[in-house]
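Report on the structure given below.
Throughout, read-outs are computed from the coordinates displayed, never taken from laboratory work. None of these values were measured; they are calculated from a predicted model. All Cβ positions, glycine included, derive from the backbone under ideal geometry; neighbour counts span all protein chains shown.
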Amino acid sequence: MGYTTRSQPKALEAEILSDDELADLTGYKQRAHQRKWLIDRNWVFIKSRGGRPLVGRMYARMKLGMSNPVLIEQSPPPTRPVWTPDFSRVN
């Protein structure tokens, strides 16, 4: 990952799919076949200098229809409805 600093690679690597995860997703180990698979299915990715497709972990979860329970638990439930309809004037 050419643009990362020495203190960030582990954190950044956790945000993208690993080589094994990408091979499991696409069914291919060769990078050219992985890129073709992703392009054919309209996946968004960035190509590294070495040609490796970099797919974001959250993006992959979204494309696969998964939800992130950590993000769901972090958002507090609304305390009251934001808008309530006024039915007093309906005949």
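Classify segment 9-68 as rounded, prolate or oblate, taking a ≥ b ≥ c as the square roots of the eigenvalues of its Cα gyration tensor: rounded when a/c is under 1.5, otherwise prolate if a/b is larger than b/c and oblate if not.
Details: a/c = 1.66, a/b = 1.12, b/c = 1.48.
Since a/c reaches 1.5 but b/c is at least a/b, the shape of segment 9-68 is classed as oblate.
Full extension of the chain between residue 90 and residue 41 gives 12.7 nm of extra length, using 0.36 nm per residue less the Cα-Cα distance.
Can you give the net charge of the other residues whose Cβ lies under 9 Å from the Cβ of residue 53, counting K and R as +1 and D and E as -1?
Working: positive: 31, 35, 47, 52; negative: none.
Net charge in that neighbourhood comes out at +4.
Length gained on full extension, residue 80 to residue 62: 3.6 nm, using 0.36 nm per residue less the C-alpha separation.
3J(HN,Hα) couplings calculated from phi for segment 50-56 with the Karplus curve 6.51 cos²θ - 1.76 cosθ + 1.60 (θ = phi - 60°) are, in sequence order, x, x, 6, x, 9, 10, x Hz; Gly and Pro show x. The label-point distance for residue 20 and residue 32, in a model that sets each label 7 Å from Cα toward Cβ, rounds to 2.7 nm.
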